[in-house]
Amino acid sequence: MPDTNVRSQIIDSATKYFSRYGFHKTTMDEIARNIHKAKGVLYYYFRSKEELFNEVLKQELGSLKKTLQKIVESNNNSLTILSDYMLTRFKLLNEAVNYHETLKADFFEKYHFVKDVRDDFERFEQAQLTTIIEKGNEEGYLNVENVGPTVDVAMMIIKGIEIPLFLQDKYKEYKKTLHELINMITGSLQAPPEMN
């Protein structure tokens, strides 16, 4: 019978190694040795290194999703939520080293096993942005007729800057600029709703 404690130890060890050395350079032997288990124990819980990485990524993004959902469900107005959401999203994704690995084009083309986790995160983000925009419409800060296409374009913009921010390690360089840009966008919409 599977032991949830052993499974958690495996995931914790894998998270540490994948984060430090990346998917390609990490071996199942290293992950097993780190928790003083035989490599065969890992294969009892995970059929492959790919499946284990998938679980690590799922947990990494799952933690991020919980934080972002709390922001969206807060009692703040839609513009504050939008600002908090974007700033927190980029900050936490900058720390999500295993997510960075999936952004590498060659990795994504060769390893389709991460597609489901990435797609799930994308659907989650689309739902959160839809909620924020709909709330903005209700409050009168926004006047977006076609919410779906607007969310699609917003996602394109957000994802378009992930490669330079995370893979080219420019997040620290542009952190202040991102903050100013988001403040400029939300600030321009901050007029009382009846004036928009």
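The values are calculated or read from the model by the stated rules, or taken from the named source; none is laboratory data. Because the structure is a prediction, the values reported are computed rather than measured. Counting neighbours? That spans all protein chains shown, and the Cβs are built from the backbone with ideal geometry, glycine included. Accessible surface areas use protein heavy atoms only, side chains included; no ligands, DNA or RNA. Shrake-Rupley method; radii C 1.70, N 1.55, O 1.52, S 1.80 Å.
The listed residues are LEU87, LEU52, and the only one of them that is among the aliphatic types (A, V, I, L, M), buried (at least 18 other Cβ atoms within 10 Å of the Cβ) and closer than 28 Å to ARG123 by Cα turns out to be LEU52. Criterion applied to LYS37, LYS58 was being open to solvent by 60 Å² or more (accessible area, probe 1.4 Å) and in contact (Cβ under 8 Å) with a residue 40 or more places away in the chain, and the one residue passing it is LYS58.
Checked against (1) closer than 18 Å to LYS104 by Cβ; (2) out of contact with any helix residue (DSSP H, G or I) (no Cβ under 7 Å at 6 or more places or on another chain); (3) among the β-branched types (Val, Ile, Thr), THR27 passes all but a single condition, namely (1). Would you check which residues across the stretch 40-49 are under 24 Å from LYS115 (Cβ atoms) and surrounded by 14 or more Cβ atoms within 10 Å (Cβ to Cβ) and list them? Matches in the stretch 40-49: LEU42, TYR43, TYR45, PHE46, LYS49. Condition check for GLN126 on (1) part of a helix (DSSP H, G or I); (2) surrounded by 15 or more Cβ atoms within 10 Å (Cβ to Cβ); (3) in contact (Cβ under 8 Å) with a residue 60 or more places away in the chain: one failure, at (3). Among the residues making up the stretch 136-148, a single one is closer than 23 Å to LEU178 by Cα and under 25 Å from the mean Cα position of the chain (by Cα): GLY136. Being hydroxyl-bearing (Ser, Thr, Tyr), open to solvent by 30 Å² or more (accessible area, probe 1.4 Å) and touching a residue at least 24 places away in the same chain (Cβ under 8 Å): is that true of THR67 here? Taking the combined requirement at face value, the residue satisfies it. Of all residues in the stretch 145-184, those being exposed (fewer than 14 other Cβ atoms within 10 Å of the Cβ) and of a type in the set (A, V, I, L, M, F, W, C) number 6.
Residues checked against (1) part of a helix (DSSP H, G or I); (2) in contact (Cβ under 8 Å) with a residue 12 or more places away in the chain; (3) hydrophobic (A, V, I, L, M, F, W, C):
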residue: LEU93; (1), (2), (3): yes, yes, yes
residue: TYR99; (1), (2), (3): yes, yes, no
residue: PHE113; (1), (2), (3): yes, yes, yes
residue: GLU122; (1), (2), (3): yes, yes, no
residue: LEU142; (1), (2), (3): no, yes, yes
residue: GLU145; (1), (2), (3): no, no, no
residue: MET156; (1), (2), (3): yes, no, yes
residue: GLU180; (1), (2), (3): yes, no, no
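For the stretch 70-81, the tally of residues that are assigned to a helix (DSSP H, G or I) and either charged (D, E, K, R) or open to solvent by 40 Å² or more (accessible area, probe 1.4 Å) (or both) stands at 2. Could you list, in sequence order, the residues of the stretch 1-34 that are hydrophobic (A, V, I, L, M, F, W, C) and either open to solvent by 70 Å² or more (accessible area, probe 1.4 Å) or outside any helix (DSSP H, G or I) (or both)? Answer for the stretch 1-34, where residues must be hydrophobic (A, V, I, L, M, F, W, C) and either open to solvent by 70 Å² or more (accessible area, probe 1.4 Å) or outside any helix (DSSP H, G or I) (or both): just MET1.
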